[in-house]
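Student: My structure is below; once you've seen it, I'll send some questions.
Taken together, the values in this text are just the output of simple stated rules run on the coordinates, not laboratory data. Values in this document were obtained by computation on a predicted structure and should not be read as measured data. We place every Cβ from the backbone using ideal geometry, glycine too, and count neighbours over all the protein chains shown.
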Amino acid sequence: VQAVETLSVKEAIESRRSIRKFKPEPIPREELDEILRLASFAPSAWNLQPWRFIVVTDPSLKEALQAAANNQPQVTSAPAVILLASDMEDVLEHVDKVAHPSLPPEQQQRFADMIRGTFGGQSVEQRGAWAAAQCYIALGFLLIAAQSMGYATVPMLGFDPVRVREILGLPDHVQLPAMVPIGRPAEEGRSRHRHRLEDIVTYR
Ligand SMILES: Cc1cc2nc3c(=O)[nH]c(=O)nc-3n(C[C@H](O)[C@H](O)[C@H](O)COP(=O)(O)O)c2cc1C
């Protein structure tokens, strides 16, 4: 990736706003890869990394996604739409990939057995919900990474996951923590409105 100017973490957090109108210029593959590489550095419990990213740029697929998202126009306005998916069943199938390579083989084996034991007793829905919560950490990283590289985003939950799974050919167990239209901004977005710190923070 070229050494283009990037915002610091603080600058990216300060300047990020949800943007719902985008310039049509396509996002170079290397830049999307870089944003997703940074998002994938998010921490997760036991380092299970249940997030999977599906990048949609095909215009007819974007139209279908928009129809499944209450026709919210930011979906087709964006040159790319990132579906943040959570696949805990895939995690459990490939749990051997997760144990840290620095561990001796028998400890890696014990780790895999422990993970399978822990989640084996839960329903697919239960462990799916647990994994989807981990994915929101990656969502935060993704939004800030994109912003630092000059790309705007809007995280979205206003869509029908059943229809989106159908459009993308995803199995039923895959959860969809967010849909994220992304591109260069073509509007300023709303000014920030947040609770005052004293309303949400206590020190004890
Ligand atoms: C999980 C989640 C789901 C959201 N879903 C939608 C959505 O479906 N449509 C939309 O326009 N904005 C959506 N938003 C954006 C919020 O409205 C926005 O983040 C919030 O108003 C704060 O504004 P800001 O992002 O500009 O700081 C969503 C945000 C989050 C985090």
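Student: Search the range 5-25 for residues that are within 19 Å of GLY158 (Cβ to Cβ) and pair each with any residue that is away from the ligand (no atom under 16 Å from the Cβ) and among the charged types (D, E, K, R) when their beta-carbon atoms are under 8 Å apart and the residues are at least 6 apart or on different chains.
Tutor: PHE22/ARG184
Student: Quick one: in the range 145-166, of everything that is buried (at least 20 other Cβ atoms within 10 Å of the Cβ) and part of a helix (DSSP H, G or I), which residue is nearest to the ligand (Cβ to nearest atom)?
Tutor: The selected residue is GLN147.
Student: MET114 fails exactly one of the following numbered conditions: (1) among the hydrophobic types (A, V, I, L, M, F, W, C); (2) within 24 Å of ARG192 (Cα to Cα); (3) out of contact with any Asp or Glu (no Cβ under 8 Å at 6 or more places or on another chain). What is the number of that condition?
Tutor: (2)
Student: Could you figure out which of (1) assigned to a loop (DSSP other than H, G, I, E, B); (2) touching a residue at least 60 places away in the same chain (Cβ under 8 Å) isn't true of ALA178?
Tutor: ALA178 satisfies all of (1) assigned to a loop (DSSP other than H, G, I, E, B); (2) touching a residue at least 60 places away in the same chain (Cβ under 8 Å) except (1).
Student: When the range 51-103 is examined, which residues are found to be away from the ligand (no atom under 16 Å from the Cβ), closer than 21 Å to ALA152 by Cβ and in contact with a Phe, Trp or Tyr (Cβ under 8 Å, 6 or more places away or on another chain)?
Tutor: Listed by number, the list holds a single entry, PRO79.
Student: Now for a different question. Show the residue pairs meeting these rules: Cβ distance below 8 Å; 6+ apart or different chains; first residue within the range 28-43 and of a type in the set (Ser, Thr, Tyr); second residue part of a helix (DSSP H, G or I).
Tutor: From residues that are of a type in the set (Ser, Thr, Tyr), the pairs are SER40/ALA138.
Student: Tell me which residues, restricted to the range 129-144, are more than 12 Å from the ligand (Cβ to nearest atom) and surrounded by fewer than 21 Cβ atoms within 10 Å (Cβ to Cβ).
Tutor: ALA129, TRP130, ILE137, PHE141
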